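The values are calculated or read from the model by the stated rules, or taken from the named source; none is laboratory data. Note that the structure is a prediction, hence the values are computed from the model and not measured. Here the Cβ is made from the backbone with ideal geometry for all residues, glycine too, and neighbour counts use every protein chain on show.
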Amino acid sequence: MARTVTDIILLGPPGAGKGTQAHRLVEERGMVQLSTGDMLRAARSSGTEMGRRVAEVMDKGHLVTDDIVIGLIAEKLADPDAAGHAGFIFDGFPRTLAQADALGDLLERMGRPLAAAIELAVEDEVLVDRVSGRFTCGNCGEVYHDVTRPTRKPGVCDACGSTDLRRRADDNADSLRQRLMEYYKKTSPLTGYYHAKGLLVRLDGLAPIDRVAAAIAAALPAPVGA
């Protein structure tokens, strides 16, 4: 029996928990998380024609155009190595309505329409508290928090034992409020866009991680063999 392919978008402001839930979907459903930043870095060093275009734009200090990002996504979707996966998680793209249109057109052309746009909603002040205390393992990417999820042994990652624990320079109250304003200006209109298309699933990002994961699973088609 063919594997169920499910492509989704994760929406939500910085610190809403998108990365945590994407990791769960990768582990539990065999999906692939697509990060535009990772794709751009990989393309730049790939030596391909698309990679040369990316390098030229970035070396000039310009923003990479939407058509280049869509081209990179198309390459990923068409990659034979992706055939065995259960679908893609778009995290960080689209950010604008124009990008949403372009992505929707691409998925339709490839015969894999979007299954859902899942929004993790969290109150601003809670986000400030959450992000201000956040740190990650530089080795395996596990996420921790000073108050709600400290490491069992101070300075040591629970998952891999690394002592390379890091905080993002912009994980502070002032920087987060600026990032939230940018999100609301450019990205939050996407919730109305996907609501109109009947694809929006709005979840409480403040709920326990397992409960959020269960709600996401309930909103998606069951994987083959489940």
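General remarks:
- Selected residue (only one of T136, T148 is exposed (fewer than 13 other Cβ atoms within 10 Å of the Cβ), under 19 Å from G12 (Cβ atoms) and without any contact (Cβ under 8 Å) to a residue 40 or more places away in the chain): T148
- With respect to the conditions (1) more than 20 Å from K197 (Cβ to Cβ); (2) assigned to a helix (DSSP H, G or I), G104 lacks only one, and its number is (1).
- Figure legend. Inter-residue proximity from the range 94-116: first residues under 25 Å from A218 (Cα atoms), second residues at pLDDT 90 or above and of a type in the set (S, T, Y), beta-carbon distance below 8 Å, spacing 6+ or different chains. Indicated pairs: A100/Y193; A100/Y194.
- Unique residue being out of contact with any helix residue (DSSP H, G or I) (no Cβ under 8 Å at 6 or more places or on another chain), small (G, A, S) and in a loop (DSSP other than H, G, I, E, B) when the list is A215, A222, A207: A222
- Count of the range 42-82 residues which are within 23 Å of L97 (Cβ to Cβ) and in a helix (DSSP H, G or I): 12
- Any hit, the range 140-156, residues being more than 28 Å from A100 (Cα to Cα), assigned to a loop (DSSP other than H, G, I, E, B), over 19 Å from the mean Cα position of the chain (by Cα) and charged (D, E, K, R): yes
- Breaking point among (1) of a type outside the set (D, E); (2) at pLDDT 85 or above; (3) exposed (fewer than 15 other Cβ atoms within 10 Å of the Cβ); (4) under 17 Å from the mean Cα position of the chain (by Cα), for M110: (4)
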